[in-house]
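First comes the structure, then the notes that go with it.
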Amino acid sequence: MLKVSNLCVNYGAIEAVRDLSFEVKAGQVVAIIGANGAGKSTTLNTIGGLISPASGKIELEGRDISGLRSDQIARLGLAQVPEGREVLATLTVEENLRLGAYIRNDHQAIEADLQSMFERFPILKTRRKQHAGLMSGGEQQMMVVARALMARPKLLTLDEPSMGLAPLIVNQIFEIITEIRAQGVTLLLVEQNARKALQVADYAYVLERGQLAYAAPAAELRDDPKIVAAYLGE
Amino acid sequence: MFWQQVVNAIWLGAVYSLFALGYTLIFGVLGILNLAHPSLYMWGAFIGLVCVTTLHLPIWLALPVAMLGSGILGILLDRIAFKPLRARHAPHLATLISSIGASIVLVNIAQGIFGAEVSRFPFDIFPVHVFNFGGVSVTLLQLTILGISLVIMVALRWLIMGTRQGQAMRAVAYNTVTAARLGIPVDQIIMQTFFIAGALAGAAGVLLGLAFNSISPFMGGPMNLKGLTVIVLGGLGNIEGAVIGGFILAFSEVMSVAYLSSDLRDAVSFVLLLIILLVRPNGLLGHSSTKRA
């Protein structure tokens with residue numbers, strides 16, 4: 001599904017990501033974990049077309065997308081749940097969800113998907129006519145996940161979906177991720193909350209200062225003493 | 001006397017609103033003050049005039065042609081004056097200066113083609129018909145201007161609030177990065193916005209050109225300040241605000257000319273602008289400029 005090869009990303013003179021290679025297979029949930037500033041969000045934003053890489057290749061279903069604009073990549077089937085949520089605060093909840101399906105033209109299926117989102121997230125139905133910016137952080141996060149799903153993406157990327165949310169809400173978000181995974185959507189998840197991420201992921205990559213430090217099935221990393229000491233704590 | 005002034009203010013206010021809507025639309029979507037907007041208004045009037053005098057088109061056809069023409073000029077303006085700056089993430093001041101430069105170019109081209117003197121629509125272009133309602137007289141032209149302005153405003157509101165295109169436009173206005181992530185072609189939306197703004201300015205140009213029967217390359221000058229006053233009154237980037245602001249300015253102007261002195265017409269804009277900036281800097285319908293997370 002997604003193949004990243006020898007990716008390098010610079011911010012001016014700073015090398016944010018160095019020679020990074022990884023892969024997300026269709027139907028998999030892949031987690032990228034690492035400390036603050038390890039280059040996780042940079043990697044996702046580069047895949048999403050917001051930052052251009054200094055070198056390296058990003059292939060989505062075999063097609064090189066590293067030179068494309070963000071909106072072109074979205075139309076190829078990549079949906080993003082960005083860091084900090086990025087709700088369109090001045091638009092209503094329903095308008096936000098409809099814009100999630102902007103790249104689609106199958107009107108009847110869009111209406112059906114909208115109804116199923118309202119069933120899955122009843123709070124969004126209650127608030128459908130309200131400005132999205134008026135909702136709580138957890139509600140906004142659910143809306144942004146629903147908005148991304150409205151695109152019927154081939155690959156969904158989630159950037160720190162648990163950031164700034166209360167523990168109870170974090171659990172809800174991860175339940176939703178488990179559900180999405182059960183529907184067969186391929187997921188690439190970036191998280192600082194390594195414990196949670198390793199619970200839902202099939203495979204995980206650990207980034208340290210812009211470089212790949214470990215790559216292994218998530219179940220192995222959960223028990224690896226080095227990972228436990230550095231990222232999971234006790 | 002008073003009601004006659006009210007009638008005059010209403011149709012004039014409708015055209016001011018029409019003009020200011022394009023101004024505020026560009027500000028709302030791109031966050032830039034397009035000081036070349038009044039030049040598009042002037043060009044709209046001239047395109048309408050050429051349609052009628054040279055091409056012998058009827059006036060009802062000249063209006064949409066003028067809107068189309070000034071809309072296309074709007075797109076060109078963006079491509080030449082704004083897009084290169086946007087690509088370089090230039091500061092707003094650079095954009096402002098670029099729009100002043102574009103405005104000078106547009107005025108000078110018009111002066112070269114049409115001359116500096118005042119041009120007029122042929123006298124018989126629109127049937128002269130006066131209705132009398134208990135001492136208050138309204139011409140058919142004034143009613144038509146009001147009607148056309150209102151129809152365009154309703155259509156614009158529907159476009160922005162009721163269509164997918166409008167949703168995409170508002171998404172771009174709120175955050176271009178988020179819009180792009182959703183697959184919205186941001187550059188294309190900006191182009192459409194410039195077309196719509198240009199078309200609105202062009203419509204206002206033809207309608208006011210007809211109403212005052214005076215078209216010149218410099219007709220945009222006074223509109224610059226008027227437009228600015230209207231959109232600051234209503235709140236920068238606020239669509240409803242621009243409409244309300246247009247009527248407030250027209251009422252203030254008409255009443256001060258009628259009851260104080262006709263010399264004050266252009267001073268009214270300055271005074272209103274000053275008052276609103278002192279009392280309510282975000283405009284009547286404006287929100288605080290900080291965006292919520």
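Just so it is clear, none of the values below were taken in a lab; they were calculated from the coordinates. None of these values were measured; they are calculated from a predicted model. Every residue, glycine as well, gets a Cβ built from its backbone with ideal geometry; the counts of neighbours run over all protein chains shown.
To the nearest 10 degrees, how steeply does helix A:137-149 sit against the main Cα axis of chain A, on a 0 to 90 scale?
90 degrees
Grab the DSSP H runs of chain A that are 4 residues or longer, score each as -39,500 (n - 2.57), total them, divide by all residues and round the 222 nm result to the nearest 500 deg cm²/dmol.
For chain A, the value works out to -10000 deg cm²/dmol.
Using +1 on the beta carbon of Lys and Arg, -1 on that of Asp and Glu, and nothing else charged, what's the dipole of the protein assembly as shown about the Cα centre, debye to 20?
160 debye
Hey, rough spin-label estimate for A:ARG195 and A:ALA219, points 7 angstrom out along Cα→Cβ, what's it come to in nanometres?
Here the answer is 2.1 nm between the modelled labels.
Treat each spin label as a single point 7 Å out from the Cα along the C-beta direction, and report the B:GLU240 to A:GLN172 distance in nm.
Taking the simple label geometry, B:GLU240 and A:GLN172 are separated by 3.0 nm.
Express the C-alpha Rg of chain B as a ratio against the empirical globular expectation 2.2 N^0.38 Å, rounded to two decimals.
Ratio of Cα Rg to 2.2 N^0.38 Å: 0.99.
Which is the longest part of chain B that has none of the trypsin sites (Lys or Arg not before Pro) sitting in a DSSP loop with at most 11 other Cβ atoms within 10 Å?
Result, exposed sites excluded: B:89-290.
Would you mind calculating the gained length between B:ASP263 and B:ILE80 on full extension (0.36 nm times residue separation, minus the Cα-Cα distance), in nm to one decimal?
Extending this stretch completely gives an extra 62.1 nm.
For chain A, what relative contact order do you get, as a whole percent, if you take Cα pairs closer than 8 Å and at least 6 residues apart?
Details: 450 pairs, mean separation 66.4, N = 234.
Relative contact order here is 28 percent.
How tilted is helix A:107-120 with respect to the longest principal axis of chain A? Cα atoms for both, answer in degrees (0 to 90, nearest 10).
Once rounded, the angle reads 80 degrees.
Under DSSP H, which helices of chain B have Cα atoms covering 20 Å or more of the helix axis and a Kyte-Doolittle average no less than 0.0?
Numbers: long enough: B:2-30 (41 Å, 1.41); B:37-53 (24 Å, 1.19); B:59-77 (26 Å, 2.18); B:92-114 (33 Å, 1.58); B:140-162 (32 Å, 2.06); B:186-212 (39 Å, 1.68); B:220-234 (21 Å, 0.99); B:239-259 (30 Å, 1.51); B:265-279 (22 Å, 2.43).
The qualifying helices are B:2-30, B:37-53, B:59-77, B:92-114, B:140-162, B:186-212, B:220-234, B:239-259, B:265-279.
Using a basic spin-label model with each label point 7 Å from the Cα along Cα→Cβ, how many nm lie between B:PHE2 and B:ILE109?
4.9 nm
Go ahead and estimate [θ] at 222 nm for chain B from helices alone: -39,500 (n - 2.57) per DSSP H run with n ≥ 4, summed, over the residue count, rounded to 500.
Computed ellipticity for chain B at 222 nm equals -24500 deg cm²/dmol.
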